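What follows is a set of notes on a single structure, which appears directly below.
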Amino acid sequence: MKAAAGVYVHLPYCRSRCGYCAFVVSTDDSSRDDYLAALVREAAILEPEAEGFRFDSLYLGGGTPSLVPADDLARLVSELRSRFPFEDGSEVTLEANPEDVTGDRRDAWVAAGVNRVSVGVQSFDDGELAAVGRRHDAAGARRALDTLGKAGLALSADLILGLPGQTRESFRRNVEELARAGVEHVSIYLLETDKSRAMEEDQRARPDRYLSDGDQADAWLEAGEALAHRGFEHYEISNWARPGREARHNVKYWTRTPTLGLGVSAHEFWSDRRRANVSALAQYVNRLFAGDRPVALDDPVSPETAARERIVLGLRLGAGVPAPEVETWIAGSDEPLLAADYEDWLEAGLLRRENGRVRFTERGFLLSNEVLCRFV
Ligand SMILES: C[S@@+](CC[C@H](N)C(=O)[O-])C[C@H]1O[C@@H](n2cnc3c(N)ncnc32)[C@H](O)[C@@H]1O
Ligand code: SF4
């Protein structure tokens, strides 16, 4: 039987743009009603493609989905349920910013069918939060986690490593606090300063405010150890979960399981094609109102690309990939020195070959970009 598919929906509205963020977002929500109507039209266009599939995950991402009025969210979820056959017990995740979390909203989200919330904590240090223009402080993040935890929702939280002003010690405290906060899933992202011109310039002007690469690497390894100590498993480069609490939807991306992507800039993998919608909000809405799906990219995935994807996406997972897949690829590759480098990576302890699978070690994850970019 085919693996159950997923649906991602991009909700792009935010109150303000955080210093580091390069996602497709808008701080002007005057188009929100039209946008929600456009999403419903897109779901109707996609419904025939979903025929024969079953679905077990819905991810409402952003942007700031928690900013969308709860009754609009409820209508949206119910529209999506009427178009796509979601199984009972499907994972329904909502991304929430701490400042939006109240008891009333939480109850409305639960009533709408949300059973998992991913909270953008980023840090428990007020200075670090202010430095990147977050609208919440540490107390707000604690309150949000507490409020959500009381309703028995599955909880995930994001932290960023490398925020301006952050030290190894303050990051260690962030991780420790999160591990004790009752979340069952943690995502840690390395700050990507190249996503915003202001951030890039700040790093150039005041490099002393940023951790060196070496300190970041050490802080990241320490975080992994602290989370392992608290019962979390490192199941994907950026993600840790208590056993059995991995993000069902996100795992589909790394295992190449079909997912539909609705909304501006949304990406999807469907019927062996990778597709993406346009990134301009007005164009997204207008094209759907004219009856067209606003697709900007639509590429078939060749068998060779599929084999490469199985390696570069699969190696992101703690479980790695079957060794013959990697080794067959290497044997057929024209990439000079790849075979020799593979042996070196194993010998140097960046990759481990065990029980017929190849996977990154913790130290290997840190250098995974350099390894994965060789599989071209
Ligand atoms: C799609 S964003 C939206 C989440 C939500 N709106 C929020 O702000 O909490 C998901 C996560 O990506 C991470 N992120 C966004 N931009 C980043 C950057 N430039 N570098 C590292 N992590 C980033 C943040 O941790 C954020 O929580
Ligand atoms: S980090 Fe979240 S709140 Fe901030 S701009 Fe990006 S999507 Fe919006």
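The values are calculated or read from the model by the stated rules, or taken from the named source; none is laboratory data. Not measured: the values here are computed from a predicted model. Cβ coordinates were reconstructed from backbone atoms using ideal geometry, including for glycine residues, and neighbour counts include every protein chain displayed. Accessible surface areas use protein heavy atoms only, side chains included; no ligands, DNA or RNA. Shrake-Rupley method; radii C 1.70, N 1.55, O 1.52, S 1.80 Å.
Is one or more of the residues making up the stretch 297-311 in contact (Cβ under 8 Å) with a residue 12 or more places away in the chain, within 24 Å of E192 (Cα to Cα) and of a type outside the set (A, V, I, L, M)?
For the stretch 297-311, residues in contact (Cβ under 8 Å) with a residue 12 or more places away in the chain, within 24 Å of E192 (Cα to Cα) and of a type outside the set (A, V, I, L, M): present.
Just to be sure before I move on: is V7 crowded, with 20+ Cβ neighbours inside 10 Å, β-branched (V, I, T) and either part of a loop (DSSP other than H, G, I, E, B) or away from ligand 2 (no atom under 16 Å from the Cβ) (or both) in the structure I sent?
yes
Name every residue in the stretch 251-275 that is of a type in the set (A, V, I, L, M) and open to solvent by 10 Å² or more (accessible area, probe 1.4 Å), in order of residue number.
Hit for the stretch 251-275 is V251, nothing else.
Y20 versus (1) within 30 Å of E128 (Cα to Cα); (2) free of Cβ contacts under 8 Å to residues at least 60 places away in the same chain; (3) within 16 Å of ligand 2 (Cβ to nearest atom); (4) not hydrophobic (A, V, I, L, M, F, W, C): which is the lone unmet condition?
Here Y20 clears every test but (2).
Any residue in the stretch 99-116 that is within 17 Å of the chain's Cα centre (by Cα) and within 16 Å of ligand 2 (Cβ to nearest atom)?
No: the stretch 99-116 contains no residue that is within 17 Å of the chain's Cα centre (by Cα) and within 16 Å of ligand 2 (Cβ to nearest atom).
Looking at this structure, is A96 within 16 Å of ligand 2 (Cβ to nearest atom) and among the aliphatic types (A, V, I, L, M)?
yes
Looking at the stretch 68-98, which of the residues that are out of contact with any Leu (no Cβ under 8 Å at 6 or more places or on another chain) and of a type in the set (A, V, I, L, M) is nearest to A44 (Cα to Cα)?
It comes out as A74.
Of all residues in the stretch 326-376, how many are in contact with a Ser or Thr (Cβ under 7 Å, 6 or more places away or on another chain) and either touching a residue at least 40 places away in the same chain (Cβ under 8 Å) or among the small types (G, A, S) (or both)?
2
If a residue has to be within 13 Å of ligand 1 (Cβ to nearest atom) and open to solvent by 40 Å² or more (accessible area, probe 1.4 Å) to count, how many in the stretch 176-211 make the cut?
Matching residues across the stretch 176-211 total 9.
Among the helices (runs of 4 or more DSSP H) lying completely within the stretch 181-260, list those that include at least 1 residues that are touching an Asp or Glu at 6+ places or on another chain (Cβ under 6 Å) and modelled with pLDDT of 95 or more.
213-229, 248-254
Look through L351, L297 and report the one residue that is modelled with pLDDT of 95 or more and either among the small types (G, A, S) or under 30 Å from Y35 (Cβ atoms) (or both).
After ruling out the rest, the residue left standing is L297.
Can you name the residue in the stretch 117-145 that is without any contact (Cβ under 8 Å) to a residue 24 or more places away in the chain and of a type in the set (G, A, S) and, of all such residues, is farthest from ligand 2 (Cβ to nearest atom)?
Once the filter is applied, the top-ranked residue is A139.
With the structure loaded, tell me whether A282 is part of a helix (DSSP H, G or I) and open to solvent by less than 50 Å² (accessible area, probe 1.4 Å) or whether it fails that test.
For A282, the condition - part of a helix (DSSP H, G or I) and open to solvent by less than 50 Å² (accessible area, probe 1.4 Å) - is not met.
Of the residues that sit in the stretch 131-145 and are outside any helix (DSSP H, G or I) and either away from ligand 1 (no atom under 14 Å from the Cβ) or on the phi < 0 side of the Ramachandran plot (or both), which one is farthest from the chain's Cα centre (by Cα)?
Looking at residues that are outside any helix (DSSP H, G or I) and either away from ligand 1 (no atom under 14 Å from the Cβ) or on the phi < 0 side of the Ramachandran plot (or both), I get D137.
Scan the stretch 150-172 residue by residue and report those that are without any contact (Cβ under 8 Å) to a residue 60 or more places away in the chain and in contact with a Phe, Trp or Tyr (Cβ under 7 Å, 6 or more places away or on another chain).
Matches in the stretch 150-172: D158, G162, P164.
Filter the stretch 152-169 for residues that are open to solvent by 10 Å² or more (accessible area, probe 1.4 Å), at pLDDT 95 or above and out of contact with any strand residue (DSSP E or B) (no Cβ under 7 Å at 6 or more places or on another chain) and give the result.
Correct list: G165, T167, R168, E169.
So for the stretch 42-60 (the condition being within 16 Å of ligand 2 (Cβ to nearest atom), in contact (Cβ under 8 Å) with a residue 12 or more places away in the chain and out of contact with any helix residue (DSSP H, G or I) (no Cβ under 6 Å at 6 or more places or on another chain)), does at least one residue qualify?
yes
In the stretch 292-314, which residues are out of contact with any Ser or Thr (no Cβ under 8 Å at 6 or more places or on another chain) and in a strand (DSSP E or B)?
Across the stretch 292-314, the qualifying residues are V295, L297, D298, D299, P300.
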